[in-house]
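Undergrad: Got a structure here, written out as C-alpha cells. Questions coming.
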Amino acid sequence: MSGLTPENLHKAETIVALYPERRSALIPLCHLAQAQEGYLTEECMEDVALLCGVSAAEVRGTASFYDMLHTEPVGRYVVAVCTNIACMLAGAYSVLTHAEEHLGIRVGQTTHDGLFTLEEAECLAGCDKAVCVQVNHRFFGPVDREGFDRLTGDLASGRLDDEVPHHGVLNRVERTHELEAHRESEGAER
Amino acid sequence: MITGAKPIVTARMDHEDSYTIERYLATGGYEGLRKALGMTPEAVHEEVNQASLLGRGGAGFPAGRKWSMLRPAPTTYLVVNGDESEPATFKDHLLIERDPHQIVEGSIIAAYAIGARQAFIFCRGEFALGLERLTRAVEDAYEHGALGENIFGSGFGLDLVVHPGAGAYICGEETALIESLEGKRGFPRIKPPYFPAAIGLYGEPTVVNNVETMSNLPWIVLHGGAAFAALGEGSSAGTRLFALSGRVERPGWYELEMSKTTFRDLIYDPSLGGGIRNGNELKAFIPGGVSAPWFFPEHLDMGLDQDAVGKAGSMLGSGSIVVMDDKTCVVRAAWRISRFFHRESCGQCTPCREGAGWVDKVLRRIEDGFGREEDVDLLLDACDNIAPGLSWPPKQTTICVLGPSIPSSIVSAVDRFRDEFLVHVKDGACPFPPDEVRHAG
Ligand SMILES: Cc1cc2nc3c(=O)[nH]c(=O)nc-3n(C[C@H](O)[C@H](O)[C@H](O)COP(=O)(O)O)c2cc1C
Ligand code: SF4
Ligand code: FES
C-alpha cells in the first residue's frame, strides 16, 4: 500500500488552498484518498494528516465518525439499499432480503470476488424513486427484486462503467479556480 | 385550492439541460445578481425582509431577520446547507442536481447583502452527481464573471467553495455542519450562542441558510419582496417545494403556493399526489419530515401553512409529506423512524443516546411479536425522559433538537393506535402483511 499518488497530492494542495484553515480540507482529502484504493489506507491517512496539519490519529478519529469513509477495504461496488420510511413503505426490506440471498452475503459483507459490498442505507433523498438504491453513490430507482438482479448483472459485466465510476465521489469534480476575491489582503494578513 | 401561482424555484425543471450555464443564462440567469449589485447591500436585505422569506431548512426562521443578527466583524461567512438528510426529504437534492446555478446566484446575492468574505455550499457527500454539477456551476460562474474579485465590475468580490459532506445526518444541524466544515467530527455545539451569527465558522459571524432558501433569492430581487409576500398568506409567504412520498400514486416534488394549497390537494389531486395507492384508505401522514408529529385524515383540509400546522401540534419542517395507508403497520413505521434516530444520534447527550437505543429496541420487539403489554407505557416513559412532558414543541434538555424529535412518531402512533400495539402483543406477531414491493415503470 502506498500514500497519495503524485497527481492526487497535487490535487490535494489545490483543495487545501481553498480554505482559510487547512484542517477544513480533511474530509475532501479523505474522499480523494478513498477514491484511490476504495478505502483509507494508513499511508493515505498520514498524507492527509500532513496536508491538514493534524496527526494521523486525528484523521482516523474524524473519519470514523462518517459513514461514507471506510478504514477497511470494500468491494468495487458499494451497493446501498435504502430502507428508511418511504422506501420501507415501498417494500425495501423485501428487496434487501432478496439482495442478501442474491449476492450470498449479509449487510456489511463483501462478496468473495471483491465485486460487491452490501449496505443498508438511511434515506438517500431519492424517496420519490423508492425503493432507492445507490451504487458508489450513483442513484437507481425504483428498484424491485428483478431490478436488483438486473442492476448487479449490468455492474458485473461492466455495462454501467460509464455511469458508475469505481469508488470516490470527487473523481469527476473539477475545481480549477483558486481563491481570487481577496488576493491582495490575504498576503498582508498571513 | 391549487392556485395558478407560477413556480419560482422549479421554473427551469422542464428543460433537460436546466443545470447548464447556457440554459441558465437563456432563462434570466444572473439577472437577479446584476440587479442586486446595482443596489446597496442594505436595500437587498430590505427586499428579503419584505418578502417574509422563511428558511426552508426545517426551523422556518425568517431569513431577513437571521441576517440582522450578525455580529459586526471584519470577516463574515455564508454557509449554505445542502446536507439534506431528513428522511423523506428530497427537494434540495433536486435543486442541487437540476438547478445548481440558481443556488450559486442566490448564494452570491446573500453574501453581498451580508458582506460575506467567502461562501461555502455544504453538499451532502452522497450526492456525487450533485457535487459534480454544483462545482461545474461554480466554475462557470467564475468564467462568467459572477464570482471572483470584481463581480460584474461592481467592485464586490466573493469566493465560493463547494464542500462535500461524508455521511452523517447530524451534520445538517447548523453548528455540527460548521464543525464538519472545520474538518472535525460533526458534534453540535453547546448553546448559547444560539446562532452562528454570533460565533460561527472559525469563530467568526456566520449565516447558515438552506439551499432552497438561497434558490428563492434571485426571483425575490428581480420581482421584489412584495411580489413574493403577495403569494401565500401571512407569515407563510411565497411558494414552497414539497416532497411527497409513501403510499400515494404519484410520489414526487411539487412546488405549491403556501397556505392556500391544502394537504388534501397535495395528496389527492390528480395533478399532484393522485390519491392513495391502489385506492386504499389514508391512515396517517407526516406533514414535515420524520421529526414531526403525525397528522390524520381530519387534518387534510388544513393549508400548507407553517403557523396553522404548528398550532395543530406539528410542523411543516423540511416540507416532506409521507403518506401511510390502511395497510401500513404503524409500529413498524415508528420503529423504522426511531431506528434512524438511534443510528444517527451523535452520542453527546445521555437522554438522546440512551433513549434512542431503548425505543428502537422496544419497538422492534413489539413488531416482532415479543413485546409485553407494559412495553407500550415503557415507550412513553422513555420518550418522557428524552423530552419531559411530551409537549409540542418539545422541551429540550439536550444540545440539539435531534433528541427531542425522537418522541414525535412514537407518541403519535401510541396515542392514536394503542390498540394496534396491543394486538401485536396479544397475537405475538405483526397483524399486517409485509410491505408490498413497488415495481418500476
Ligand atoms: C438534526 C438536524 C438536522 C438538520 N438537517 C438539515 C438539513 O439537512 N438541511 C438544512 O437546510 N437544515 C437542516 N437542519 C436545520 C439547520 O440547523 C438550520 O436551521 C438551517 O440550515 C437554516 O437554514 P434556513 O434558515 O434557511 O432554513 C437540521 C437541524 C437539525 C437539528
Ligand atoms: S441531542 Fe442527540 S444528536 Fe443532538 S447533540 Fe445531543 S446526542 Fe447529539
Ligand atoms: S426513504 Fe429511501 S430514499 Fe428517502
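Undergrad: Please tell me if residue A:66 is under 20 Å from the mean Cα position of the chain (by Cα) and within 16 Å of ligand 1 (Cβ to nearest atom).
TA: Values: under 20 Å from the mean Cα position of the chain (by Cα): yes; within 16 Å of ligand 1 (Cβ to nearest atom): yes.
Answer is yes for this residue.
Undergrad: While we're on this one: Can you tell me which residues in the stretch A:89-117 are within 16 Å of ligand 3 (Cβ to nearest atom) and hydrophobic (A, V, I, L, M, F, W, C)?
TA: Once the filter is applied, which keeps residues that are within 16 Å of ligand 3 (Cβ to nearest atom) and hydrophobic (A, V, I, L, M, F, W, C), the stretch A:89-117 yields A:89, A:90, A:92, A:95, A:96, A:99, A:107.
Undergrad: Any residue at all in the stretch B:177-194 that is away from chain A (no Cβ under 12 Å), of a type outside the set (A, V, I, L, M) and touching a helix residue (DSSP H, G or I) at 6+ places or on another chain (Cβ under 6 Å)?
TA: Residues of the stretch B:177-194 away from chain A (no Cβ under 12 Å): B:188-194.
So of that shortlist, the ones also of a type outside the set (A, V, I, L, M) come out as B:188-189, B:191-194.
Restricting the remaining residues to those that are touching a helix residue (DSSP H, G or I) at 6+ places or on another chain (Cβ under 6 Å) gives B:188-189.
Among the residues of the stretch B:177-194, at least one is away from chain A (no Cβ under 12 Å), of a type outside the set (A, V, I, L, M) and touching a helix residue (DSSP H, G or I) at 6+ places or on another chain (Cβ under 6 Å), which makes the answer yes.
Undergrad: Follow-up. What number of residues within the stretch B:415-434 are touching a residue at least 40 places away in the same chain (Cβ under 8 Å) and either surrounded by 14 or more Cβ atoms within 10 Å (Cβ to Cβ) or hydroxyl-bearing (Ser, Thr, Tyr) (or both)?
TA: Residues meeting the conditions: 9.
Undergrad: Can you tell which of A:74, A:81, A:48, A:59 is closer than 30 Å to residue B:410 by Cα and more than 7 Å from chain B (Cβ to nearest Cβ)? Break it down into steps so the answer makes sense when it comes.
TA: Details: A:74 fails: closer than 30 Å to residue B:410 by Cα; A:48 fails: closer than 30 Å to residue B:410 by Cα; A:59 fails: closer than 30 Å to residue B:410 by Cα.
Going through A:74, A:81, A:48, A:59 in turn, the sole match is A:81.
Undergrad: To continue, here is another question. Condition test on residue B:122, is it over 27 Å from residue B:291 (Cβ atoms) and assigned by TED's automatic domain parsing to the domain that holds residue B:207?
TA: Numbers: over 27 Å from residue B:291 (Cβ atoms): no; assigned by TED's automatic domain parsing to the domain that holds residue B:207: yes.
No; evaluated as a whole, the condition is false for this residue.
Undergrad: Just for the stretch B:383-411: of the residues that are touching a Leu at 6+ places or on another chain (Cβ under 8 Å) and outside any loop (DSSP other than H, G, I, E, B), which one is surrounded by the fewest Cβ atoms within 10 Å (Cβ to Cβ)?
TA: B:384
Undergrad: Just for helices (runs of 4 or more DSSP H) wholly inside the stretch B:26-99: which have at least 3 residues that are acidic (Asp, Glu)? First the steps, then the outcome.
TA: On the way: elements: B:31-37, B:41-51, B:63-68, B:91-98.
Filter on the stretch B:26-99 gives B:41-51.
Undergrad: Take the conditions more than 16 Å from ligand 1 (Cβ to nearest atom) and outside any loop (DSSP other than H, G, I, E, B) and apply them to residue B:376. Does it pass?
TA: Working: more than 16 Å from ligand 1 (Cβ to nearest atom): yes; outside any loop (DSSP other than H, G, I, E, B): yes.
Criteria met by residue B:376.
Undergrad: Follow-up. Out of the stretch B:61-90, which residues are closer than 21 Å to residue B:304 by Cβ and either buried (at least 21 other Cβ atoms within 10 Å of the Cβ) or within 16 Å of ligand 2 (Cβ to nearest atom) (or both)? Don't jump to the end; show me each part of the working.
TA: Kept after step one, since they are closer than 21 Å to residue B:304 by Cβ, are these residues of the stretch B:61-90: B:61-63, B:84, B:86-90.
The answer is B:63, B:84, B:86, B:87, B:88, B:89, B:90.
Undergrad: Also, I was wondering about something else. Please specify each residue of the stretch A:154-174 satisfying the condition of being aliphatic (A, V, I, L, M) and within 13 Å of another protein chain (Cβ to nearest Cβ).
TA: Restricting attention to the stretch A:154-174, the residues satisfying the condition of being aliphatic (A, V, I, L, M) are A:155-156, A:160, A:164, A:169-170, A:173.
Once the filter is applied, which keeps residues that are aliphatic (A, V, I, L, M) and within 13 Å of another protein chain (Cβ to nearest Cβ), the stretch A:154-174 yields A:164, A:169, A:170, A:173.
Undergrad: Sticking with this one: Can you work out which of the residues in the stretch B:64-79 that are touching a Gly at 6+ places or on another chain (Cβ under 8 Å) and within 11 Å of ligand 1 (Cβ to nearest atom) is nearest to the other protein chains (Cβ to nearest Cβ)? It would help to see each step written out before you state the result.
TA: Applying the first criterion (touching a Gly at 6+ places or on another chain (Cβ under 8 Å)) to the stretch B:64-79 yields B:66, B:76-77, B:79.
Among the residues that remain, those that are also within 11 Å of ligand 1 (Cβ to nearest atom) are: B:66, B:79.
Values: B:66: 22, B:79: 11 Å.
This residue is B:79.
Undergrad: Which condition number in (1) among the small types (Gly, Ala, Ser); (2) away from every other protein chain (no Cβ under 13 Å); (3) within 21 Å of the chain's Cα centre (by Cα) is the one that residue B:275 fails?
TA: Here residue B:275 meets the rest and fails (3).
Undergrad: Go through the stretch B:130-169 residue by residue and tally those that are among the aromatic types (Phe, Trp, Tyr) and crowded, with 24+ Cβ neighbours inside 10 Å. Spell out how you get there, then give the answer.
TA: We begin by selecting, within the stretch B:130-169, every residue among the aromatic types (Phe, Trp, Tyr); these are B:142, B:152, B:156, B:169.
Subset that is crowded, with 24+ Cβ neighbours inside 10 Å: B:169.
Number of matching residues: 1.
Undergrad: Given the criterion assigned to a helix (DSSP H, G or I) and more than 13 Å from ligand 2 (Cβ to nearest atom), identify the matching residue among B:334, B:356.
TA: Every option except B:334 fails the conditions.
Undergrad: Out of (1) among the small types (Gly, Ala, Ser); (2) modelled with pLDDT under 95; (3) loosely packed, with under 11 Cβ neighbours inside 10 Å, the odd one out for residue A:157 is which?
TA: Failed condition: (2).
Undergrad: Can you tell me how many residues within the stretch A:26-58 are more than 23 Å from residue A:174 (Cα to Cα) and under 16 Å from the mean Cα position of the chain (by Cα)?
TA: Matching residues across the stretch A:26-58 total 1.
Undergrad: Determine, yes or no, whether residue B:116 is in a loop (DSSP other than H, G, I, E, B), among the small types (Gly, Ala, Ser) and in contact with a Leu (Cβ under 9 Å, 6 or more places away or on another chain). Outline the logic, then answer.
TA: Numbers: in a loop (DSSP other than H, G, I, E, B): yes; among the small types (Gly, Ala, Ser): yes; in contact with a Leu (Cβ under 9 Å, 6 or more places away or on another chain): yes.
Yes.
Undergrad: Further, regarding this structure: Hey, residue B:264 hits all of (1) surrounded by fewer than 24 Cβ atoms within 10 Å (Cβ to Cβ); (2) part of a loop (DSSP other than H, G, I, E, B) but one; which does it fall short on?
TA: Every listed condition holds for residue B:264 apart from (2).
Undergrad: Let me ask you something else. Tell me which residues, restricted to the stretch B:294-329, are outside any loop (DSSP other than H, G, I, E, B) and more than 14 Å from every other protein chain (Cβ to nearest Cβ).
TA: B:295, B:297, B:298, B:299, B:303, B:306, B:307, B:308, B:309, B:310, B:311
Undergrad: Checking the conditions here, which among B:101, B:93 is away from ligand 1 (no atom under 16 Å from the Cβ), at pLDDT 95 or above and surrounded by 24 or more Cβ atoms within 10 Å (Cβ to Cβ)?
TA: Details: B:93 fails: away from ligand 1 (no atom under 16 Å from the Cβ).
Testing whether each residue is away from ligand 1 (no atom under 16 Å from the Cβ), at pLDDT 95 or above and surrounded by 24 or more Cβ atoms within 10 Å (Cβ to Cβ) leaves just B:101.
Undergrad: Which of (1) surrounded by 16 or more Cβ atoms within 10 Å (Cβ to Cβ); (2) in the same structural domain as residue B:288 (by TED's automatic domain parsing) is the odd one out, the single condition residue B:307 does not satisfy?
TA: (1)
Undergrad: From the list A:137, A:177, exactly one residue is under 22 Å from residue B:245 (Cβ atoms), buried (at least 16 other Cβ atoms within 10 Å of the Cβ) and at the interface with chain B (Cβ under 8 Å from one of its Cβ atoms). Which is it? Reasoning before the result, please.
TA: Numbers: A:177 fails: under 22 Å from residue B:245 (Cβ atoms).
Only one candidate qualifies: A:137.
Undergrad: Further question: Count, please, the residues in the stretch B:195-221 that happen to be small (Gly, Ala, Ser), within 14 Å of chain A (Cβ to nearest Cβ) and crowded, with 24+ Cβ neighbours inside 10 Å.
TA: Within the stretch B:195-221, the subset small (Gly, Ala, Ser) is B:197-198, B:200, B:203, B:215.
If we keep only those that are within 14 Å of chain A (Cβ to nearest Cβ) as well, we get B:200, B:203.
Retained after the next criterion (residues that are crowded, with 24+ Cβ neighbours inside 10 Å): B:200.
Adding up the residues that qualify gives 1.
Undergrad: For the stretch B:318-375, give me the residue count where each residue is in contact with a strand residue (DSSP E or B) (Cβ under 9 Å, 6 or more places away or on another chain) and of a type in the set (Ser, Thr, Tyr).
TA: 3
Undergrad: Residue by residue through the stretch A:4-27, note down the ones that are of a type outside the set (Asp, Glu) and either touching a Phe, Trp or Tyr at 6+ places or on another chain (Cβ under 9 Å) or in a loop (DSSP other than H, G, I, E, B) (or both).
TA: Our first condition is that a residue be of a type outside the set (Asp, Glu); within the stretch A:4-27, this holds for A:4-6, A:8-12, A:14-20, A:22-27.
A:4, A:5, A:17, A:18, A:19, A:20, A:24, A:25, A:27 - these are the residues of the stretch A:4-27 that are of a type outside the set (Asp, Glu) and either touching a Phe, Trp or Tyr at 6+ places or on another chain (Cβ under 9 Å) or in a loop (DSSP other than H, G, I, E, B) (or both).
Undergrad: Can you pull out every residue in the stretch B:155-183 that is farther than 24 Å from residue A:123 by Cβ and without any contact (Cβ under 8 Å) to a residue 40 or more places away in the chain?
TA: So the first thing to find is which residues in the stretch B:155-183 are farther than 24 Å from residue A:123 by Cβ, and the list is B:155-161, B:182-183.
Matches in the stretch B:155-183: B:155, B:157, B:182, B:183.
The values are calculated or read from the model by the stated rules, or taken from the named source; none is laboratory data. Not measured: the values here are computed from a predicted model. All Cβ positions, glycine included, derive from the backbone under ideal geometry; neighbour counts span all protein chains shown.
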